[in-house]
Each structure stands twice: as structure tokens, then as C-alpha cells.
Amino acid sequence: MNSKKIALCGLLTALAILMGYVEMLIPMPLIVPGIKLGLANVIVVITMYSLGPKTAFFISLVRVVLCGLLFAGFAGLLYSLAGAVLSFAVMALLYKTGKMSITGVSVAGGVFHNVGQIIVAALVVENIKMAYYLPFLLVSGVVTGFLIGVVSRLCLPYVNRK
Amino acid sequence: MKRMDWILILAVLVIAGAIYFFYMGGAKAGGEAVITVDGEVYATLPLSEDASLRVETEEGYNIVEIRDGYAMVTEADCRDGICENHRKISKNGENIVCLPHKMVVEITGGENPAADMVVG
């Protein structure tokens with residue numbers, strides 16, 4: 001790992017945390033709890049495509065832990081962590097197959113982030129009926145994931161430019 | 001955008017639609033609101049009568065109200081207040097969840113509408 005990569009990793013991590021903060025400032029319609037833009041995923045997706053999945057995983061992990069402790073508190077940390085890990089696993093898998101574009105990978109990430117959160121929520125309240133929210137969260141995952149994918153695709157060339 | 005992208009998006013939307021109709025297709029107006037805290041039944045309120053119940057949990061309180069056949073959470077001392085902003089519910093299977101308090105209000109069919117309140 002050279003110093004340039006270290007600097008880039010630090011920069012991307014800081015950006016990811018900042019995205020988490022910006023996201024909190026944007027009010028979202030409360031039709032269904034839990035709908036989020038997933039802005040931080042822009043950074044994770046860009047990192048995956050520029051520095052590789054391994055680096056992206058650690059940036060995602062550091063972001064979730066720091067954002068959780070800074071803004072959300074410990075309970076919120078658990079939800080974010082479940083969503084982030086599941087979403088990352090699916091994105092890395094699809095990235096490796098190479099059958100999907102950056103937009104498709106991002107959509108999958110958005111969808112599975114919501115699925116992970118709802119699984120933890122169902123475990124916490126011990127009520128499987130949480131699945132009632134699933135359709136809304138799936139659709140919102142597709143929409144936000146698509147937008148995040150488009151943003152990532154437009155940003156990526158600038159990150160890769162030497 | 002590759003072809004697989006569209007297949008993925010379509011698949012997710014179809015699954016979402018299927019779950020939606022599975023839940024909502026047969027949803028009729030429910031008979032009662034079951035309030036559970038941490039997985040255990042706290043109270044059961046019939047939707048036919050207006051009522052207001054203060055649900056005390058270890059983490060804090062929620063005030064559940066029944067009005068005109070709808071159940072809603074009007075007040076809570078939790079941090080995010082998502083349950084307060086949730087729309088009112090009346091159909092079978094619909095629910096309001098307060099994650100910080102582990103409290104769930106769920107509408108069920110209500111085979112026993114004669115019972116006024118079961119506190120357990």
C-alpha cells in the first residue's frame with residue numbers, strides 16, 4: 001500500500017462519513033420508516049470500482065462504526081451494520097461476476113441494505129410482520145440505488161484520473 | 001446499463017409487488033389492535049370503540065389511540081418519533097412499530113370482539 005493509496009482511503013472514508021451526516025439533514029417523506037437515500041453508498045461503490053472490493057469493505061465498516069457512534073447511537077449502529085454488511089456482500093459478489101454495470105451493482109446494494117435492516121428490525125421486535133414494510137423498502141431501494149449508481153458512474157472517471 | 005441490470009431491477013419490483021398483494025390483497029378491515037412489547041402481548045383494544053392507552057415500556061412510553069376505527073400512536077418519548085408520524089392503520093396485518101421501545105401495534109381479525117380489554 002503506497003502513500004497515495006493511504007491518502008485516498010482517508011479522503012474517501014472522510015467523505016463517506018460526511019455523506020452520512022448530509023443524509024441526516026435531508027428530510028425524507030415518512031410514508032414508511034427507514035427510507036434513506038444511501039448517499040454513503042456512492043463512496044463505497046466508487047471505492048470498489050477504483051481501489052477494489054477489499055478496500056471498499058474497510059471503508060464501509062469504518063464509516064458505519066464512526067457514523068453510528070457520532071450520530072445514531074448504539075442501537076442505530078446495529079441496523080446500519082446489518083444493512084451495510086449484507087449490502088456489501090451482495091455488491092462484491094455481483095462486482096466479481098462482472099455481469100452487471102455499476103448501476104446494477106448499486107441497485108442491488110440499495111435493495112439489500114434495506115433487506116438487512118428489516119431483518120434486524122424483525123429480530124428486535126420479535127415480529128415477522130415487519131415484512132409488511134418490505135415492498136416499500138424494496139422499491140425505494142431500487143430507486144435510490146439507481147440514482148446512486150448514476151452518480152457513481154459519473155464520478156468514477158475523476159477518481160481514476162491520475 | 002447491461003441487460004442483467006434491467007433483469008435485476010425488474011425482478012426486485014416483481015417481488016415487491018407480489019409481497020404487497022400477498023399482504024394487501026386479502027386485507028380486510030381488522031377487528032382489534034394488538035399491542036405487544038418485546039414480543040409479549042401488552043393489551044388488545046377493539047377498533048370499534050374509541051380509546052386511549054398509555055403503554056409503559058422499560059424504555060419509555062407510547063400513547064396508542066383508537067379513533068373512528070383506526071389505530072395510531074399519538075405520543076411517544078422515543079428519540080426518532082417514527083411511530084408518531086406513522087399513518088393511522090385499520091386493516092388486517094397493518095402495523096406500527098416503535099423500535100426504540102420494542103413496541104408493536106398490529107391489527108388482527110379479532111375473533112373475540114366481546115372482550116373490552118385484555119391486559120397481560
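The values are calculated or read from the model by the stated rules, or taken from the named source; none is laboratory data. Here the structure is a predicted model, which means the values were calculated and not measured. As a convention, Cβ positions derive from the backbone with ideal geometry for all residues, glycine included, and neighbour counts pool all protein chains shown. Side chains included, ligands, DNA and RNA excluded: accessible areas come from the protein's heavy atoms. Shrake-Rupley method; radii C 1.70, N 1.55, O 1.52, S 1.80 Å.
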Original post:
Considering every residue in A:66-79, what mean count of other chain Cβ atoms within 10 Å of its Cβ is obtained?
Top reply: 1
Original post:
Roughly to the nearest percent, how much of the accessible area of the range B:29-108 is carbon and sulfur, given a 1.4 Å probe?
Top reply: 42 percent
**OP:** Inverting the mean 1/r over all pairs of different Cα atoms, compute the Kirkwood radius of the protein assembly as shown and quote it in Å.
**Re:** 20.2 Å
Subject >> Lysine pairs within chain A, Cα separation less than 26 Å, 8 or more sequence positions apart or different chains >> reply: 12
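Divide by every residue of chain A the summed helix terms, -39500 (n - 2.57) for each DSSP H run of at least 4, and state the resulting mean residue ellipticity at 222 nm, rounded to the nearest 500 deg cm²/dmol.
Values: 6 runs with 124 residues, N = 162.
For chain A, the value works out to -26500 deg cm²/dmol.
What does the buried accessible surface come to for B and A, summed over both chains, with the probe at 1.4 Å? Round to 100 Å².
Working: alone 7980 and 9200 Å², together 14340 Å².
Counting protein atoms only, the buried area is about 2800 Å².
Could you calculate the FRET efficiency of A:Ile6 with A:Leu93 from 1/(1 + (r/R0)^6), where r is the beta carbon distance between them and R0 is 35 Å, rounded to 0.05?
Details: r = 27 Å, r/R0 = 0.77.
That gives a FRET efficiency of 0.80.
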Original post:
In peptide B:37-48, what is the residue-averaged number of other protein chain Cβ atoms found within 10 Å of each Cβ?
Top reply: 1
Original post:
Given H placed 1.01 Å from N in the peptide plane, which residues other than close sequence neighbours of B:Tyr61 have an amide H under 5 Å from its amide H?
Top reply: B:Asp77
**OP:** With an 8 Å cut-off on Cα pairs and a minimum separation of 6 or more residues, tell me the relative contact order of chain A in percent.
**Re:** 25 percent
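Compare the peptides B:37-44, B:87-94 by average per-residue count of other Cβ atoms within 10 angstrom and give them in order, highest first. Walk me through the intermediate numbers first.
Numbers: B:37-44: 16.1, B:87-94: 17.8.
Going by the mean number of other Cβ atoms within 10 Å, highest first, we get B:87-94, B:37-44.
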Subject >> Sorted largest first, extent of the range B:29-108 alpha carbons per principal axis (Å) >> reply: 30, 24, 19
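What does the average come to when, for each residue of peptide B:3-11, you count the partner chain Cβ atoms lying within 10 Å of its Cβ? If you can, show how the numbers build up before the last one.
Values: counts 4, 8, 13, 3, 3, 11, 9, 1, 2.
Mean number of neighbouring Cβ atoms from other chains: 6.
Please work out the ratio of the alpha-carbon Rg of the range A:39-93 to 2.2 N^0.38 Å and round it to two decimals.
1.08
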Subject >> Computed Kirkwood radius, in angstrom, where 1/r is averaged over Cα pairs of the range A:3-160 >> reply: 15.6 Å
